[in-house]
Amino acid sequence: MSHDHDDRPQLTAAQAAAVLNPPAGRNGGDLVVETLQGLGATTVFGLPGQHALGMFDALRRSSLRYVGLRVENNAGFAADAYGRITGEVAPLLLSTGPGALTSLAALQEAAAASAPVLAISSQIPSAGLGGGRHGYLHELRDQQASVRDIVKSVHTVRTASQIPSAIAAAWESALTAPHGPVWVEIPQDVLLAETTLPVVSAMDASPRELYPRPELTVAAAHLLSHAERPVIIAGGGVVRSDASGKLRALAEKIDAPVVTTFGGKGAFPWEHPLSLRSWLEDRHTTDFLEDADVLLVVGSGLGELSSNYHTFRPRGRVIQIEADAGKLESNHPALGIHSDAREALADLLEAVERREDPGAAERVRTVLEKVRVRIEAQDLTLEQQVLAAVREALPDAAPSFWDMTILAYWAWSAFDARRPNTMHSAQGAGGLGYGFPAAIGAAAADPTKPVLAVSGDGGAMYSIAELATARQYDLPLTWLIVDDGGYGILREYMTGAFGESTGTELARPDFVALAESFGVPAVRTGPESLAADLAKALAAPGPSVVVLPALLRMFEPTHL
């Protein structure tokens with residue numbers, strides 16, 4: 001049997017000489033950072049802890065940039081945003097036990113949003129592993145069990161020589177469609193033990209491509225080419241796989257209206273004649289989707305929000321392109337195509353026949369007008385004014401990160417993201433506290449653009465500590481805090497369901513004074529001055545806070 005060695009990494013003469021004489025004073029932590037560098041990482045997020053100090057000390061001897069946050073969950077949100085913005089793996093360095101566990105809500109969001117986060121956690125010393133109760137600090141009976149339900153894959157290290165391969169395998173897993181968080185854990189003693197292993201050189205962890213099966217492409221193309229009323233639902237998979245251009249080309253080739261899910265914001269131009277925008281929580285849109293004789297769903301599992309709370313009942317044929325095999329036909333029978341969205345759309349674009357439907361744009365205008373009339377009848381001028389002010393102030397290319405707050409719920413349906421991969425929220429897992437730490441990750445990824453975070457006062461309190469982080473690294477981000485004195489959306493839900501709310505009213509600080517105490521400039525604004533104040537803050541270097549005292553309301557749901 002012959003082997004082709006041409007594609008294997010080759011060492012230069014200088015590298016080969018260095019292999020035989022590795023520098024002294026290296027340990028397992030150095031192997032971690034060398035492997036990350038060899039894989040192409042430039043930035044890592046995290047928070048040090050006793051068992052992880054070997055990794056953090058090794059950062060000092062590396063060229064990796066470290067962005068340290070004040071809470072592990074926030075560090076996870078920052079890594080999530082870095083992964084979404086760049087499409088690259090975001091390393092997240094964590095300590096054992098409480099540090100590891102505190103990151104789990106962020107990893108759940110990364111899993112729901114397909115963000116490639118590589119969590120590397122320390123462990124108690126090797127002698128304590130195996131489930132015995134030895135009384136080590138931070139000890140868990142089975143730390144991996146706490147993360148296994150959340151992440152894509154778990155990789156365990158027990159000796160220094162296993163570190164590069166474990167991290168490379170995790171890296172590949174994180175970047176294989178669907179992207180997602182992965183977990184590596186390394187005992188404290190392995191991180192601290194001196195090593196004479198050669199310095200890690202370039203590593204290869206190229207992800208496997210996920211292509212559609214050709215017979216499924218032919219079947220899908222036939223259905224779309226001969227459809228009378230085709231419609232496309234574009235989800236987050238279109239954004240994650242950088243497939244918005246191919247989506248637009250396909251929609252225009254077959255004259256198919258397109259609605260984007262909340263995770264797919266920006267995947268299709270808002271003002272395009274075929275754009276149904278994102279009004280998924282609206283019965284007029286739901287009716288239109290149900291009337292399609294062929295519905296192409298790309299990069300979405302048609303979950304709770306995308307299906308108008310499971311009231312959506314398609315009457316035509318459904319074609320579902322989805323990289324996560326578990327989501328294929330999980331909610332509706334379909335021609336299920338297990339594939340990366342970009343690859344499947346590229347093949348479909350070649351295979352479909354051109355189809356012209358002069359009435360498609362008119363049908364889209366009719367639906368959008370019905371939606372407009374419904375919203376206009378509810379006396380929600382303030383809410384629309386505030387959202388319009390944010391859109392006016394935010395540069396088109398600037399990314400925005402939205403916490404779980406009423407203004408974000410409006411933005412899911414009514415905000416024009418203008419560019420793919422610029423609008424992000426925590427709607428995947430739905431946890432509070434995402435917006436500001438995520439904006440920190442995005443600003444670290446690209447400090448040439450301003451970044452906007454949007455939170456309510458309740459969600460803001462989850463991540464107030466990160467004002468210190470934003471100031472420490474002088475990151476170009478603006479935090480808009482809409483202060484309504486409590487958990488506004490829960491107040492609405494409870495009042496609607498029970499006639500009154502419990503546990504939703506909150507004491508809160510003077511956010512302007514609090515921000516200024518961190519050395520972060522802040523301003524209190526009103527609906528009329530919001531656009532100007534926000535634009536000024538976004539244009540200024542470094543971090544800033546804009547506080548808007550306002551009681552916003554949601555539009556009436558149509559699924560009840």
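The values are calculated or read from the model by the stated rules, or taken from the named source; none is laboratory data. Quick caveat, the model's predicted, so the values are computed rather than measured. With ideal geometry, Cβ positions are generated from the backbone for all residues, glycine too; neighbour counts draw on all protein chains shown. Protein only, heavy atoms only, side chains kept; ligands, DNA and RNA dropped before computing areas. Shrake-Rupley method; radii C 1.70, N 1.55, O 1.52, S 1.80 Å.
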- Message: What percentages make up the Cα-Cα pair-distance distribution of the range 248-400 when the bins are 10 Å wide from 0?
- Response: 10, 36, 36, 16, 2
- Note on the structure: Diffing the range 314-325: the Karplus 3J(HN,Hα) column from phi (6.51, -1.76, 1.60, θ = phi - 60°), in whole Hz with x for Gly and Pro, holds x, 9, x, 6, 10, 10, 10, 9, 8, 6, 8, 4
- Taking every DSSP beta bridge that has both residues in the range 417-560, what percent is antiparallel when rounded to the nearest 5? 5 percent
- Task: Loop only per DSSP, at most 16 neighbouring Cβ atoms within 10 Å: give me the trypsin sites (Lys or Arg not before Pro) in the range 277-336, ordered by residue number.
- Result: R315
- Message: Taking just the alpha carbons, could you work out the radius of gyration and Dmax for the range 358-454, both in angstroms?
- Response: 15.4, 46
- Query: Which is farthest toward the positive dipole end of the range 132-240 among V238, S161, T196, measuring Cα position about the Cα centre, with Cβ charges +1 (Lys, Arg) and -1 (Asp, Glu)?
  - Reply: V238
- What does the convex hull of the alpha-carbon atoms of the range 365-420 project to on average, in nm²? 4.5 nm²
- Message: Apply the a/c threshold of 1.5 to the C-alpha gyration tensor of the range 10-86 and tell me whether it is rounded, prolate or oblate.
- Response: oblate
- Could you tell me which of the pairs K327/K370; K370/K536; K152/K253; K265/K536; K265/K370 are separated by over 27 angstrom between their Cα atoms in the structure shown? K327/K370; K370/K536; K152/K253
- Message: Can you pull out the trypsin sites (Lys or Arg not before Pro) in the range 50-106 whose DSSP state is coil and whose Cβ has at most 15 other Cβ atoms within 10 Å?
- Response: R60, R61
- If you wrap a convex hull around the C-alpha atoms of the range 308-367 and split its volume per residue, what is the figure in Å³? 132 Å³
- Message: Quick check on the range 412-488: take the gyration tensor over C-alpha atoms, sort the square-rooted eigenvalues as a ≥ b ≥ c, and tell me if it's rounded (a/c under 1.5), prolate or oblate.
- Response: oblate
- Round to a whole number: what % of the accessible area of the chain belongs to carbon and sulfur, probe 1.4 Å? 52 percent
- Note on the structure: Normalised per residue, the volume inside the convex hull of the alpha-carbon atoms of the range 233-276 in Å³ amounts to 55 Å³
- Item | Average accessible surface area per residue within the range 253-324, 1.4 Å rolling probe, Å² | 28 Å²
- Message: Please give the Cα centre distance for the range 330-377 versus the range 112-188, rounded to the nearest Å.
- Response: 40 Å
- Over the range 170-226, what lengths in whole Å, largest first, do the semi-axes of the equivalent ellipsoid take, defined as the square roots of 5 times the eigenvalues of the alpha-carbon gyration tensor? 44, 13, 6
- Message: Rounded, prolate or oblate for the range 120-193? Axes are the square roots of the Cα gyration tensor eigenvalues, ordered a ≥ b ≥ c, and the cut-off for rounded is a/c under 1.5.
- Response: oblate
- Compute the accessible area per residue over the range 94-188, keeping the other protein chains in place, probe 1.4 Å, unit Å². 34 Å²
- Message: As an exercise, identify the GluC sites (Glu not before Pro) in the range 462-560 lying in DSSP coil whose Cβ has no more than 11 other Cβ atoms within 10 Å.
- Response: E500, E528
- Hey, what's the Kirkwood Rh for the range 51-201 if you take every pair of different alpha carbons, in angstrom? 15.5 Å
- Rounded D (µm²/s) - the range 136-295, Kirkwood Rh over Cα pairs, Stokes-Einstein at 4 °C, 1.567 mPa s: 66 µm²/s
- Of (1) 75, 54, 50; (2) 73, 57, 45; (3) 72, 68, 45, which is the value of Cα extents along the principal axes in Å derived from the coordinates here? (3)
- Message: Bin width 5 Å, origin at 0, all Cα-Cα pairs of the range 226-322: what percent of pairs per bin?
- Response: 3, 15, 28, 29, 18, 6, 0
- Message: How much of the DSSP bridge set in the chain is antiparallel, in percent, rounded to the nearest 5?
- Response: 5 percent
- May I ask you to give the solvent-accessible area per residue for the range 424-549, in square angstrom, as obtained with a 1.4 angstrom probe? 38 Å²
